[in-house]
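Notes for the one structure printed next.
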Amino acid sequence: MKLIKVEHAYKIYKNGTTAIADLSVTIDKGEFVFVIGSTGSGKSTFIKMLYREEKPTRGKVIVGGIDVAKLRNSKVYKLRRKLGVVFQDFKLLPKLNVYENVAFALETLGLPSNEIRPKVLRAIEAVGLKEKTRNLPSELSGGEQQRVAIARALANDPKLLICDEPTGNLDPDTSKEIMKILDNINRSMGTTIIMATHDKDLVNRMKKRVLVIEDGVLASDVKKGSYKVHESVKDSK
Ligand code: ADP
């Protein structure tokens, strides 16, 4: 079943920059897909259109049956309830502990309070942070902070997890740890994962489907297991 359907999507920013041009792609439920390309190629813009941080200028972006371009601001919550987002810089609230950071996200989605506690505890356990439930972000390592961000994104059981350079601030060993968690989530919960990254070694190792974006265009769509770094992306940062 198709979870994401992008048809001839364009994103032209107000200053005239064409960040995405005529991009079409479909992604099935349960897939794990990398999005790679050099800096400025349009990875973030593509990903932002999926959670409607940006609207496509032209074309269609359908996520979980919702037409993102047509979605009114007042209805964006309907889309956001279906997905979780993980960022490079974690974006945790510094004065809230691990539990409160995850719970706050569910409160924002408007969940009834009696549903929040079990969801929060399950999500924290899923990322292996049960022992750190009451710690503040400043009391955690970078990898642990990213695990909190993953727990926060997963707490409402979304169908889709969008990750924008989630290992960008982490050392290679910690990145591997985070990838293990994401792979596990994808396999055990069937959550569809879309992850933008620069890390070629990681992409080579994981053997997933890879979308290569170059100058806003989908340059290749490499099926699961067949991807090997090629010259055009070798020097991307
Ligand atoms: P990547 O994530 O691959 O580094 P981006 O999607 O961030 O690429 O950027 C794609 C292009 O769009 C770049 O030329 C960038 O400068 C431009 N761009 C990104 N965001 C904006 C914006 N808000 N306004 C204008 N141009 C932007």
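Find the centroid of the Cα atoms in segment 63-78 and in segment 156-175, then give the distance between the two in whole Å.
Segment 63-78 and segment 156-175 have Cα centres separated by 24 Å.
Between Arg72, Arg152, Arg58, which gets the highest mean-square fluctuation from a Gaussian network model of the chain, Cα cutoff 10 Å?
Evaluated over the chain, the most mobile residue of the options is Arg72.
With no solvent and one equal point scatterer placed on each C-alpha of segment 4-92, evaluate the Debye formula and give log10 I(q)/I(0) for q = 0.24 Å⁻¹, two decimals.
Evaluating at q = 0.24 Å⁻¹ gives log10 I(q)/I(0) of -1.42.
So if I average 1/r over every pair of distinct C-alpha atoms in the chain and take the inverse, what Kirkwood radius in Å does that give?
Computed over the chain, the radius equals 18.2 Å.
Would you mind checking Lys29/Lys75; Lys78/Lys130; Lys14/Lys207; Lys130/Lys200; Lys5/Lys119 for any pair whose Cα atoms are more than 27 angstrom apart?
From the list (Lys29/Lys75; Lys78/Lys130; Lys14/Lys207; Lys130/Lys200; Lys5/Lys119), the Cα-Cα distance tops 27 Å for Lys78/Lys130; Lys14/Lys207; Lys130/Lys200; Lys5/Lys119.
Under a point spin-label approximation (7 Å from Cα along Cα-to-Cβ), what is the Asp157-Tyr77 distance to one decimal in nm?
Between Asp157 and Tyr77, the label points sit 2.0 nm apart.
Mind checking which aspartates and glutamates have their C-alpha under 16 Å from Lys224, skipping anything on the same chain fewer than 8 residues away?
Asp28, Glu31, Asp183, Asp201
Taking the Kirkwood radius as the inverse of the mean 1/r across Cα pairs, report the Rg/Rh of segment 130-192.
On the Cα set of segment 130-192, Rg over Rh gives 0.96.
Please determine, in degrees from 0 to 90 and to the nearest 10, the orientation of helix 113-126 with respect to the longest principal axis defined by the Cα atoms of the chain, where the helix direction is its Cα long axis.
70 degrees
Tell me, in nm to one decimal, what length is gained between Met189 and Ser138 on full extension, where the rule is 0.36 nm per residue of separation less the Cα-Cα distance?
Working it through step by step, the gained length comes to 15.4 nm.
Among Lys14, Lys200, Lys43, which one shows the highest mean-square fluctuation when the chain is modelled as a Gaussian network with alpha-carbon springs under 10 Å?
Lys14
Checking the a/c ratio against 1.5 first, then a/b against b/c, what shape does the Cα gyration tensor give for segment 96-166?
Oblate, because a/c is 1.5 or more while a/b does not exceed b/c.
Every read-out reported here was derived from the displayed coordinates using simple, explicitly stated rules and does not represent laboratory data. For clarity, every value in this text was computed on a predicted model and none was experimentally measured. In this analysis, Cβ positions are derived from the backbone assuming ideal geometry, glycine residues included, and neighbour counts consider all displayed protein chains.
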